[in-house]
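**Student:** Below you'll find the structure I mean.
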Amino acid sequence: MDLSTFHSLMGGPLRSALTVLVSALLVTLVAIGVHRAGIGLLKRLANGRPFTTNATRVAFRASQLCVIVFGLRMVLAGAPDDTPGLVAMSHVTSVALIIALTWLAMQCIQALSITISEVNPVDVADNLRARRLITQARVLTRSAHAIVVILGLAFVLLTLPGARQIGASLLASAGVAGLVAGIAARPVLGNFIAGLQIAFSQPIRIDDVLIVNGEWGKVEEIKGTYVVVRVWDERRLIVPLQWFIENPFENWTHSSSTLLGTVFLWLDFSIPLDPLRAELTRICESATQWDGRVCTVQATDSNERAVRVRFLVSAADSGLAFELRCIVREQMLAFITARYPHGLPRLRSTHDPVEVHAMQAQNDSVSLYKA
């Protein structure tokens, strides 16, 4: 390479590349400064508003990346045409900008979900509305994330030079492939649609008390395809979303958290019920779990051996109802054992006097024969 060729190279592509590199570094530093100033201004204008505060915190990195990549895209747009690798760098920054915007949209959606959870706390006495809103927010947030990712991926594919040819070839064989994909994706699509149904119709909500396949538990989390039910003994049931649409189940807190608790005892026919009613009233009035609504004693069934007595009490939620039932059962059994021991179930054996005399005579004759 002679001297004239070297000078021409230094005055052309190499100088353009160095100019673009220096401009990119300067734009990056300026973008970081502008982003920090903008975030500070938003925080001042927000004046403590929950969504803006959460958005500036959760989406800080994503928004910073968007500003930086956008600045780099502007630098490449104004770069000389003889810059080495200009087309490839422009394509890379375009794809990076789409990815950054997709990330920013997902973080803003997440900030909205966090804000809804903060504004509507579930650790209050009447949390029905809060649980309804939080359930909708979480399910719809995951659905929105999926949609944003699909849109971002679609925009990235559209930037590829051969995207249209690939799309045309895929459409040509979409008949059989679409049928196979639809059959294969049926559980995923079914759970996705079930998630939308649960979000709007809300047969279940976060912190609802359910009976699922005979197991008592609370809805701990609603994911994109399944529900996590925390059982009373700290086990977790993983139930697909579609199961709640297709199968019956018990929801103890669907319309209200208040519940009636029952305690059944089989007692002897001779026991009086009025002392039991007085004792149940005393137990309920001394128990902090009782909400003061229901406290009754009723004989609901009987057979040839005993009568079934139902002690019906009420509580503000399922956990308190369970504790109150245990208290009523323990103290009522102690009361009956101490005051009316004959009132506990027992087997009776009665015979006719003639039969008793005949049986006694037969036993005496057998004893003499053996002697």
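**Student:** If you scan segment 300-310, which residues turn out to be assigned to a strand (DSSP E or B) and surrounded by 14 or more Cβ atoms within 10 Å (Cβ to Cβ)? Talk me through it step by step, then tell me what you get.
**Tutor:** From segment 300-310, those assigned to a strand (DSSP E or B) are 300-302, 307-310; that's our starting set.
The answer is Val307, Arg308, Val309, Arg310.
**Student:** Any idea which of Asp268, Asp207, Asp233 is crowded, with 17+ Cβ neighbours inside 10 Å and under 25 Å from Gly319 (Cα atoms)? Full working, then the answer.
**Tutor:** On the way: Asp268 fails: under 25 Å from Gly319 (Cα atoms); Asp233 fails: crowded, with 17+ Cβ neighbours inside 10 Å.
Only one candidate qualifies: Asp207.
**Student:** Right, here's the next one. Taking the options Ala154, Ala184, name whichever one is of a type in the set (Gly, Ala, Ser), modelled with pLDDT under 75 and open to solvent by 40 Å² or more (accessible area, probe 1.4 Å). Outline the logic, then answer.
**Tutor:** Working: Ala154 fails: modelled with pLDDT under 75.
Only one candidate qualifies: Ala184.
**Student:** Give segment 255-265 a look and list any residue that's outside any strand (DSSP E or B) and either β-branched (Val, Ile, Thr) or buried (at least 19 other Cβ atoms within 10 Å of the Cβ) (or both), or say none.
**Tutor:** Once the filter is applied, which keeps residues that are outside any strand (DSSP E or B) and either β-branched (Val, Ile, Thr) or buried (at least 19 other Cβ atoms within 10 Å of the Cβ) (or both), segment 255-265 yields Ser257, Thr258.
**Student:** Looking only at segment 12-27, how many residues end up being of a type in the set (Val, Ile, Thr) and buried (at least 16 other Cβ atoms within 10 Å of the Cβ)?
**Tutor:** We begin by selecting, within segment 12-27, every residue of a type in the set (Val, Ile, Thr); these are 19-20, 22, 27.
Keeping just the survivors that are buried (at least 16 other Cβ atoms within 10 Å of the Cβ) gives 20, 27.
Count: 2.
**Student:** So, one more: Run down Leu276, Leu280 and say which single residue is in contact with a Cys (Cβ under 7 Å, 6 or more places away or on another chain) and part of a helix (DSSP H, G or I). Don't jump to the end; show me each part of the working.
**Tutor:** On the way: Leu276 fails: in contact with a Cys (Cβ under 7 Å, 6 or more places away or on another chain).
The conditions single out Leu280.
**Student:** When residues of segment 242-254 are filtered for being touching a residue at least 24 places away in the same chain (Cβ under 8 Å), in a loop (DSSP other than H, G, I, E, B) and out of contact with any Lys or Arg (no Cβ under 9 Å at 6 or more places or on another chain), how many remain?
**Tutor:** Count: 2.
**Student:** Does segment 339-352 contain any residue that is free of Cβ contacts under 8 Å to residues at least 24 places away in the same chain and acidic (Asp, Glu)?
**Tutor:** yes
**Student:** Let me ask something else. Picking from Leu241, Leu179, which residue would you name as being over 16 Å from Gly319 (Cα atoms) and at pLDDT below 75?
**Tutor:** On the way: Leu241 fails: at pLDDT below 75.
Exactly one of Leu241, Leu179 is over 16 Å from Gly319 (Cα atoms) and at pLDDT below 75, namely Leu179.
**Student:** Name the residue, out of Val313, Val239, that is outside any loop (DSSP other than H, G, I, E, B), in the same structural domain as Ser201 (by the TED database), open to solvent by less than 40 Å² (accessible area, probe 1.4 Å) and free of Cβ contacts under 8 Å to residues at least 60 places away in the same chain.
**Tutor:** Numbers: Val313 fails: in the same structural domain as Ser201 (by the TED database).
The conditions single out Val239.
**Student:** Something else about it: Go through the residues of segment 279-291 one by one and say whether even a single one is surrounded by 16 or more Cβ atoms within 10 Å (Cβ to Cβ) and either under 26 Å from Ser113 (Cβ atoms) or touching a His at 6+ places or on another chain (Cβ under 9 Å) (or both). Before the answer, list the steps.
**Tutor:** From segment 279-291, those surrounded by 16 or more Cβ atoms within 10 Å (Cβ to Cβ) are 279-280, 283-284, 287, 289-291; that's our starting set.
Next, from what is left, pick out any that are either under 26 Å from Ser113 (Cβ atoms) or touching a His at 6+ places or on another chain (Cβ under 9 Å) (or both): none.
Within segment 279-291, not a single residue is surrounded by 16 or more Cβ atoms within 10 Å (Cβ to Cβ) and either under 26 Å from Ser113 (Cβ atoms) or touching a His at 6+ places or on another chain (Cβ under 9 Å) (or both).
**Student:** Hey, among the residues in segment 139-151 that are open to solvent by 60 Å² or more (accessible area, probe 1.4 Å) and in contact (Cβ under 8 Å) with a residue 24 or more places away in the chain, which one's farthest from Ile109 (Cα to Cα)? Don't jump to the end; show me each part of the working.
**Tutor:** So in segment 139-151, the residues open to solvent by 60 Å² or more (accessible area, probe 1.4 Å) come out as 140, 142, 147, 149-151.
Filter once more, so that each one left must be in contact (Cβ under 8 Å) with a residue 24 or more places away in the chain: 140, 142, 149, 151.
On the way: Leu140: 9, Arg142: 9, Val149: 12, Leu151: 15 Å.
Within segment 139-151, the match that is farthest from Ile109 (Cα to Cα) is Leu151.
**Student:** I've got another one for you. If you take the residues in segment 33-80 that are farther than 30 Å from Val92 by Cβ and open to solvent by less than 20 Å² (accessible area, probe 1.4 Å), which one is modelled with the lowest pLDDT? Spell out the reasoning first.
**Tutor:** In the first step, residues of segment 33-80 are kept if they are farther than 30 Å from Val92 by Cβ; the result is 40-41, 43-54.
Okay, now just the ones that are also open to solvent by less than 20 Å² (accessible area, probe 1.4 Å), so 46, 54.
Working: Ala46: 73, Asn54: 83.
In this case the residue turns out to be Ala46.
The values are calculated or read from the model by the stated rules, or taken from the named source; none is laboratory data. Since this is a predicted model, take the numbers as computed values, not measurements. Positions of Cβ are generated from backbone atoms using ideal geometry, with glycine treated the same way; all protein chains shown enter the neighbour counts. Side chains included, ligands, DNA and RNA excluded: accessible areas come from the protein's heavy atoms. Shrake-Rupley method; radii C 1.70, N 1.55, O 1.52, S 1.80 Å.
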